[in-house]
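The values are calculated or read from the model by the stated rules, or taken from the named source; none is laboratory data. Computed from a predicted structure; not experimentally measured. All Cβ positions, even for glycine, are placed from backbone atoms using ideal geometry, and neighbour counts span all protein chains on display. Just so you know, the surface numbers come from the protein's heavy atoms only, side chains and all, with ligands and any DNA or RNA stripped out. Shrake-Rupley method; radii C 1.70, N 1.55, O 1.52, S 1.80 Å.
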Amino acid sequence: MHTYLSSPLGTLRITGDVSGVSAISCLDDPMPDLFLMRNLPPPLQQAVDQLTDYFDGIRKDFTFLMNPIGTPFQQRVWEALLTVPFGQTRSYLALARQLGDERAIRAVASANGRNPLAIVVPCHRVIGSDGSLTGYAGGLWRKQWLLEHEGSRRKANAGQLNLFML
C-alpha cells in the first residue's frame, strides 16, 4: 500500500502495511490527484504523523515500525545510520570504521545509497571526508535542505501537508 505526503521536499511516497513501513521516497512529480484516505495501517499513519512533526520542527527521531528490505550487510549499514544523531553528520569512512572495516567504505556508500527509508534512516547525514555533500538519491538539493533543517533551531515552515493513498 502507498500513501503520499506533500512536504517541503516535494511529494513523499510512503509504502508499507501492518508489518511496517518498507520505503519512503521523494518524488519529483506532483502529488497524485486523489481523495483524502482514512484507515491507513497503523505504521503508515504513524509515519505520516511523525514525518509531519519532523517537517514542522518538533520531532528529531522516528519510532514507527520499519520493515526495510535489504541484504544483511545493508541492514547493518542502515542500523548504523540510525546512530548518527539529529543535527550531526558522519563521513562514509567513519561509518565504515564504526562497522569494523574501513576498507568497506565503498560497500558502505553503496548500501547507504540503497537505503529505502529516506529521511527516517538518515542517509542524508553522511557526507564526504572533506565535508562535501556527496550523492543523494533524492537529489543534492534535498540533502542540503535536510541538513539545514536539522542544523537550525528554528521551526521550519512546512506549509500544508496533505495525505493521499493508493
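Mind listing just one residue for me: the one in the stretch 139-163 that is more than 27 Å from Glu102 (Cβ to Cβ), in contact with a Ser or Thr (Cβ under 9 Å, 6 or more places away or on another chain) and crowded, with 18+ Cβ neighbours inside 10 Å and, of those, modelled with the lowest pLDDT? It would help to see each step written out before you state the result.
Residues of the stretch 139-163 more than 27 Å from Glu102 (Cβ to Cβ): 139, 141-142, 145, 148-149, 152-163.
Filter once more, keeping what is in contact with a Ser or Thr (Cβ under 9 Å, 6 or more places away or on another chain): 158-163.
Narrowing the set further to residues that are crowded, with 18+ Cβ neighbours inside 10 Å leaves 158, 163.
On the way: Ala158: 35, Leu163: 40.
Only one residue tops the list, namely Ala158.
Report whether or not Arg76 is in contact with a helix residue (DSSP H, G or I) (Cβ under 7 Å, 6 or more places away or on another chain) and of a type in the set (Lys, Arg). Let's see the steps before the verdict.
Working: in contact with a helix residue (DSSP H, G or I) (Cβ under 7 Å, 6 or more places away or on another chain): no; of a type in the set (Lys, Arg): yes.
Criteria not met by Arg76.
If the requirement is being within 19 Å of Arg142 (Cβ to Cβ), open to solvent by 60 Å² or more (accessible area, probe 1.4 Å) and either touching a residue at least 40 places away in the same chain (Cβ under 8 Å) or not in a loop (DSSP other than H, G, I, E, B) (or both), which of these qualifies: Arg103, Arg97, Arg13?
Arg13
State all residues of the stretch 66-92 that are assigned to a helix (DSSP H, G or I) and at pLDDT below 95; if no residue qualifies, say none.
Tyr92
Which one of these does Asn39 not meet: (1) at pLDDT below 95; (2) polar (S, T, N, Q); (3) open to solvent by less than 20 Å² (accessible area, probe 1.4 Å)?
Only one criterion in (1) at pLDDT below 95; (2) polar (S, T, N, Q); (3) open to solvent by less than 20 Å² (accessible area, probe 1.4 Å) is unmet by Asn39, namely (3).
Please go through (1) modelled with pLDDT under 85; (2) open to solvent by 20 Å² or more (accessible area, probe 1.4 Å); (3) among the hydrophobic types (A, V, I, L, M, F, W, C) for Ala109 and return the number of the only condition it doesn't satisfy.
(1)
Whether any residue in the stretch 109-116 is touching a residue at least 60 places away in the same chain (Cβ under 8 Å), within 23 Å of Leu12 (Cβ to Cβ) and in contact with a strand residue (DSSP E or B) (Cβ under 7 Å, 6 or more places away or on another chain) is what I want to check.
yes
Please indicate, with yes or no, whether at least one residue in the stretch 119-128 is open to solvent by less than 50 Å² (accessible area, probe 1.4 Å), farther than 19 Å from Thr15 by Cα and over 17 Å from the mean Cα position of the chain (by Cα).
yes
Any idea which residue in the stretch 16-26 is nearest to Arg142 (Cα to Cα), counting only those that are open to solvent by less than 30 Å² (accessible area, probe 1.4 Å) and over 13 Å from the mean Cα position of the chain (by Cα)?
Residue satisfying both the conditions and the ranking: Gly16.
How about the stretch 43-84: which of its residues are crowded, with 20+ Cβ neighbours inside 10 Å and of a type in the set (Val, Ile, Thr)?
Val48, Val77, listed by residue number.
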